[in-house]
1. Considering only strands (runs of 3 or more DSSP E) fully contained in region 115-182, which possess at least 1 residues that are surrounded by 12 or more Cβ atoms within 10 Å (Cβ to Cβ), among the hydroxyl-bearing types (Ser, Thr, Tyr) and touching a Leu at 6+ places or on another chain (Cβ under 8 Å)?
2. Determine which member of the set Ala226, Ala192, Ala205, Ala179 is under 31 Å from the mean Cα position of the chain (by Cα) and more than 30 Å from Asp134 (Cα to Cα).
3. For Thr210, are the conditions met, namely being hydroxyl-bearing (Ser, Thr, Tyr), within 18 Å of Trp260 (Cα to Cα) and assigned to a loop (DSSP other than H, G, I, E, B)?
4. Could we say that Leu95 is touching a residue at least 40 places away in the same chain (Cβ under 8 Å), outside any helix (DSSP H, G or I), closer than 30 Å to Ile223 by Cα and not acidic (Asp, Glu) here?
5. For Leu243, state whether it is among the aliphatic types (A, V, I, L, M), touching a helix residue (DSSP H, G or I) at 6+ places or on another chain (Cβ under 8 Å), crowded, with 19+ Cβ neighbours inside 10 Å and closer than 28 Å to Ala143 by Cα.
6. Under the condition of being in contact with a Phe, Trp or Tyr (Cβ under 8 Å, 6 or more places away or on another chain) and of a type in the set (Val, Ile, Thr), which residue from region 154-208 is modelled with the highest pLDDT?
7. Please enumerate the residues belonging to region 219-231 that are without any contact (Cβ under 8 Å) to a residue 40 or more places away in the chain and either open to solvent by 50 Å² or more (accessible area, probe 1.4 Å) or among the aromatic types (Phe, Trp, Tyr) (or both).
8. How many residues are free of Cβ contacts under 8 Å to residues at least 12 places away in the same chain and open to solvent by 60 Å² or more (accessible area, probe 1.4 Å) if we restrict to region 183-207?
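The values are calculated or read from the model by the stated rules, or taken from the named source; none is laboratory data. Quick caveat, the model's predicted, so the values are computed rather than measured. Cβ: placed from backbone, ideal geometry, glycine included. Neighbour counts: every protein chain shown. The area values use the complete protein model at the heavy-atom level, side chains included, leaving out ligands, DNA and RNA. Shrake-Rupley method; radii C 1.70, N 1.55, O 1.52, S 1.80 Å.
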Amino acid sequence: MQRYVQSLMAFVAVGKTGAFVRAAEELGVSPSVISHHVARLEDHLGETLIHRTTRKLTLSENGKRLFESAQAGLLQVERALDQAQSEAEDVAGALRIALPAFVPDPQLETRIMAFATRYEHVALTLDYSDEIVDLVSHGYDLAIRLGDLPSSSLVRQQIGSVTHMLVATPDFLIRHQAATQPQDLAHLPIVAMGSAYDRITLHKAHHSETVQLESSRIKVQSIHGALTATCAGLGFGNLPHALVQEHLTAGRLVPILPEWSLPPLVMQAVWSGTSHRRDLSRRFVDWLKLGQP
C-alpha cells in the first residue's frame with residue numbers, strides 16, 4: 001500500500017544495518033522517525049517484526065519474510081529508476097517542427113521549452129507559419145496542426161484543443177446592425193482566412209445553427225493579419241480566444257453573440273510513421289500530451 005512505502009524503507013534499512021541508529025544515518029533521519037515507521041508497520045500488520053533488547057535486535061520470522069520481499073521490491077524499483085534515468089540521458093537527436101504562426105495554447109510553448117531543457121542532447125528547430133506544408137517533402141519531422149485533418153498516412157495524436165470566438169470593434173458594431181441571432185452574421189462583413197471560414201456552426205445549450213457567410217471585404221493568409229484587420233474594423237473576426245484576450249480586456253474588441261459558442265478545434269501533433277526519428281517524435285509528443293512539467 002502506497003502510504004506504507006516509507007515505513008517499508010525504514011524497516012528494510014533496520015534489517016540491513018541491524019540497528020535503528022545506523023538505519024537513521026543511512027536514510028538521513030532521526031532514530032525516532034525510524035522507530036515510528038517500524039511501529040506503524042507492526043500496528044498495521046498486527047505482527048511483531050523486530051525483537052528488541054538492550055544489547056541487540058533481531059527480526060522475527062514474519063519480519064525476515066517481509067524484509068526479504070520488501071528489499072527485493074525496493075531494489076527492483078531502484079533499478080527501474082536507474083534505467084529510466086539512463087534512457088533519459090541517452091536521448092539525443094534533432095527535430096524540425098512546423099507550428100502555427102500563432103500557438104493558441106499559452107502552455108504549449110512552455111512545454112516545448114521544458115522538453116528542450118530536460119533533453120539537452122536534442123536539438124529543436126521551430127518553424128512558425130500559417131502555411132500547411134507537406135512534412136516529408138519539406139523535411140519536417142513533426143507538425144502541430146489545428147482542426148480536422150484529411151486522412152493520410154501520417155500518425156496523429158491529439159494534444160489539446162483551442163477555443164475560437166467571434167469578435168469585432170465597437171465602431172464596427174455601431175456601423176453595422178448588431179447581430180442578435182446567428183443568421184444575422186450571414187450579411188456582416190467578415191475578415192476571411194481561407195475557405196474554412198466560409199461556414200460556421202454555433203452552439204447554445206442543446207441547439208446549434210450553421211451559417212453560410214457571404215460578405216467579405218478582406219481576405220488574409222495570416223492569423224496575425226486577421227487580428228489586425230479585425231482591429232481596424234474591416235470585418236468581424238473568428239479568432240482564438242488567447243489571441244484576442246488582451247484586446248477584449250482593453251475594450252478594443254467586443255464579443256459577438258457571446259451566448260453562442262464555436263466548437264473547439266482539436267490541436268494535433270502529426271508525424272510520419274516511417275521517419276527514422278519516429279521514436280524521438282513519439283517521446284516529444286508524449287511529453288506535450290502529458291503536460292509536463
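1. Numbers: elements: 122-128, 142-146, 154-162, 164-168.
Passing ranges, in order: 122-128, 154-162.
2. Numbers: Ala226 fails: more than 30 Å from Asp134 (Cα to Cα); Ala192 fails: more than 30 Å from Asp134 (Cα to Cα); Ala179 fails: under 31 Å from the mean Cα position of the chain (by Cα).
Step by step, each of Ala226, Ala192, Ala205, Ala179 is checked, and only Ala205 is under 31 Å from the mean Cα position of the chain (by Cα) and more than 30 Å from Asp134 (Cα to Cα).
3. Values: hydroxyl-bearing (Ser, Thr, Tyr): yes; within 18 Å of Trp260 (Cα to Cα): yes; assigned to a loop (DSSP other than H, G, I, E, B): no.
Judged against the criteria, Thr210 is not a match.
4. On the way: touching a residue at least 40 places away in the same chain (Cβ under 8 Å): yes; outside any helix (DSSP H, G or I): yes; closer than 30 Å to Ile223 by Cα: yes; not acidic (Asp, Glu): yes.
Answer is yes for this residue.
5. Details: among the aliphatic types (A, V, I, L, M): yes; touching a helix residue (DSSP H, G or I) at 6+ places or on another chain (Cβ under 8 Å): yes; crowded, with 19+ Cβ neighbours inside 10 Å: yes; closer than 28 Å to Ala143 by Cα: yes.
It is true that Leu243 is among the aliphatic types (A, V, I, L, M), touching a helix residue (DSSP H, G or I) at 6+ places or on another chain (Cβ under 8 Å), crowded, with 19+ Cβ neighbours inside 10 Å and closer than 28 Å to Ala143 by Cα.
6. The extreme case among them is Val167.
7. Listed by number, the residues that qualify are Lys219, Thr228.
8. As a first pass, look at region 183-207 and keep what is free of Cβ contacts under 8 Å to residues at least 12 places away in the same chain: 184, 195, 205-207.
Filter once more, keeping what is open to solvent by 60 Å² or more (accessible area, probe 1.4 Å): 195, 205-207.
Qualifying residue count, region 183-207: 4.
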